[in-house]
Structures are given as C-alpha cells and as structure tokens.
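Engineer: Quick one: the structure is below, and I'll ask about it shortly.
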Amino acid sequence: MDYFDNDDLNEFFTEYNYTGYEGQVVAGEVPLCKKSDVHQFGAAFLPAFYYTNFLLSLVGNGLVLCIIYRYEKLSTVTNIFLLNLVISDLIFASSLPFWAVYHKSEWIFGRGLCKLVGGCYSIGFNSSILFLTLMTFDRYLAVVYAISAAQSRRKAYAFASSAVIWVLSILASIKDIVFHDVMNSGDGLLCEMTGYHQIFLTKWELTGYYQQFFLFFLVPLVIVLYCYIRITIRIMIMSTRMTEKCRAVKLIFIIIFTFFICWTPYNVVILLKAIKMSFGEQNDCSNALDYALYVTRNFAYLYCCISPVFYTFLGKKFQNHFLKLLSKRIPCLKIDAAMLSTTSKTTSIKSPNTDY
C-alpha cells in the first residue's frame, strides 16, 4: 500500500542508510524530498474515512450475507458470484482500521500483521474489481445468449470462475506480501515495501502501478462497457414494455457511471505516477500527485466497500427480500413487502440486475 511514495522511501534511505534488515546496506546518493505536508494531510483526512468505509462495508455486506442465507442460498450462479464479491470486500475492508491507526501515528502491530494486512488489502482490492467484471460478463451471457448460455451457466462454472479470480488476485498480490515489512524511520515504525535495494523496490513499485492500471482497470472497464452496451441493445430489441426498457437502461447507466466515476480518477493518477517514475526528473519533489492519490484512492475504496450492496439492491428481488426482513421488525412494512412481491412476480421483462 503506497501510503509513503517512492520519494518518502528515498528520504529514509538517505538519512538513515537503512532498509529494515540488519546487515543490509544501500549505497549511493538519492534525492531528498520532504513530504511532511502530505503526511499531515493524510493523518487528518484518511483515518475517519477509513473507519467510515469499514463500518459501511461491515453493515452493508453483512446485510447482503443475511439475505443470501435466509432467502437465496447458493442456488444460482449469480448468488455464488455475489457471495465471493462480499467475501473479497470484507477481506479488503478488514485492513482499513489498521491503515487508519497507521496514518494517525505509526505502525504498532508488528511485522507479521504488516505482511498480513498488506496482503489482505491487495487481495481484497484486486479480487473485488475482478468479481465485479465477472458478474457483468455473466449478466451479458444470461441476457444476450440466454438460451445457449443456460447449459453452461452451472454451479461448476461459477465455482471454477471464482477460483480463477482468487488465484489471479493472490498472484498479483504476492509482491505486497513478500516486500512489506516494518522499518524504523527514526520518527516511528513504518509498514512499507522494504528490505531490498532501492532500485529493485522502485522497479516492483512501477510494475504494481502498471499492473493496477491495465489489469485491474483498463481491461475491466472495456469488458464492462462492451457487456452493458450489448445488454442495452438486447433489451431495446426484445422488450415490449417501454417502462421496463427505461428502467433497465437507467440501471445500466447508473452502474456504468458509478463504476467510471469511482475508478477512473484513481487509476489516472496511478498512471501519471508511473509515467513520472519512468520518465520524470528524479529531483522533482512536487506534491500534487500525492494529494491527488489520497483523494481519488478513497473513491475507489468506497466503491469496493459498497459494491455488493449497490449491485444487490438495484434488483427488485433483493429489494423484496430486504422489505421482508424489515417487515419482521417493523409491522407497517408488511403491506409494502406484499405489494413489491406481487409487482416482481408480474414483471415480464428481466433486467440485467434482477438477480442481484
């Protein structure tokens, strides 16, 4: 996790000639950049945001799990994918309280948790976007190729696809698990990529930036856009009810717009940082990209934490389940739940997210 960017690590290496392990020495001059303003901004702004995201994720994903357990089970491909998305988001969210404390002071949790939390953050973050992409592709198959895909969309397909996503996410996160370690900056303990020569770490950091932009943003974005465009065309051709057409297209627009707004700014900043590291001046100590990374990254984090809730409650079926759940606690909602149940049964056109 890049709380302290490459320039910050250069500062520590220059002042202390230390990489985190006794006996390992990094020689050579490196640029010295002061980032105290950026660190103060992060300490003031990020902890509250991380705690809020953690609580939203815990409540929202817990609610989705409750609905799946009580009303849905793992009877469909969609529910299997949704369960995996919830798990990935909870894994990611579990790292946020640790990073909140870290930003506020220093790393106080030891070396083992440094690696574990860094790994959970990376695995959860990577798998979340991949599962969202997989769910979009599955909706595309179910709507555009409804008849031919019915035979292939079985539980075995869902479990195999989910396993592939987890393997890819873990492989992409190995560097974060291996390289994250505790280092002493002189002012406190840090949990960063350390323990190896700075040139080696910089190359891996650069690889991580390009990996994030291309594998975990550009490819998913292209797939999401293509699938929902094809779904929209299919709905406009096949649907006979104008109200259902409008509702389905509106939901698709909301999904694409939210995905784009939350993920694009962060990944553009990631790409700019990668370009700066690759081709920029080594003595450039400007803070603009550091501030931008702090702000835009949190929009991506927010989307990760709320995506299962967002995708779930766009569909009428899960709205109905939610009202049923509430009606057991709030009697006045029983009528509304019954009305929604009747409406969903008489709906003849299935939107791309009805199963969610």
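Readers should treat all values here as calculations from the given coordinates under stated rules, not as data from a laboratory. What you see is a predicted model; the values in this text were computed from it and never measured. As a convention, Cβ positions derive from the backbone with ideal geometry for all residues, glycine included, and neighbour counts pool all protein chains shown.
Engineer: Sort ARG70, ARG247 by Cβ crowding within 10 Å, fewest neighbours at the top.
Structural biologist: Values: ARG70 11, ARG247 18.
Ascending Cβ contact count within 10 Å gives the list ARG70, ARG247.
Engineer: Let me ask another. Of the cross-linked pairs LYS104/LYS276; LYS245/LYS316; LYS155/LYS245, which ones have a Cα-Cα span greater than 23 Å in the structure shown? Kindly include the intermediate steps, with their values, before the conclusion.
Structural biologist: Values: LYS104/LYS276 28 Å; LYS245/LYS316 15 Å; LYS155/LYS245 30 Å.
Check vs 23 Å cut-off fails for LYS104/LYS276; LYS155/LYS245.
Engineer: Another question, if that's okay. Using the number of other C-beta atoms within 10 angstrom as an exposure proxy, rank MET193, MET242, MET183 with the fewest first.
Structural biologist: Numbers: MET193 25, MET242 8, MET183 22.
In increasing order of surrounding Cβ atoms, one gets MET242, MET183, MET193.
Engineer: In which sequence would PHE216, PHE257 go, from the one with the fewest C-beta neighbours within 10 Å to the one with the most? Don't jump to the answer; show the numbers that get you there.
Structural biologist: Details: PHE216 24, PHE257 10.
Fewest to most other Cβ atoms nearby, the residues stand as PHE257, PHE216.
Engineer: Would you mind putting 113-125, 73-85 in packing order, based on average other-beta-carbon counts within 10 Å, highest first?
Structural biologist: Values: 113-125: 21.8, 73-85: 19.6.
Final packing ranking: 113-125, 73-85.
Engineer: Under the 0.36 nm per residue contour assumption, what length would be gained going from the current alpha-carbon distance of TYR69 and LEU215 to full extension? Numbers along the way, then the final one.
Structural biologist: Working: separation 146, 0.36 × 146 = 52.56 nm, distance 3.25 nm.
Gain in length upon complete extension: 49.3 nm.
Engineer: What does the charge add up to near SER169, with Lys and Arg as +1, Asp and Glu as -1, over the other residues with Cβ less than 13 Å from its Cβ?
Structural biologist: Details: positive: LYS175; negative: ASP89, ASP176.
Combined, the nearby Lys, Arg, Asp and Glu give -1.
Engineer: Can I ask one more? About its Cα centre, what dipole magnitude does the range 31-131 give when the only charges are +1 on Lys and Arg Cβ and -1 on Asp and Glu Cβ, stated in debye to the nearest 20?
Structural biologist: Details: 7 positive and 4 negative charges, 38 e Å.
The calculation lands at about 180 debye.
Engineer: Can you tell which of SER57, PHE159, ALA149 lies farthest toward the positive end of the dipole of the range 53-182, using +1 and -1 charges on the Cβ of basic and acidic side chains (Lys, Arg; Asp, Glu)?
Structural biologist: Comparing the listed Cα positions along the dipole, ALA149 ranks first.
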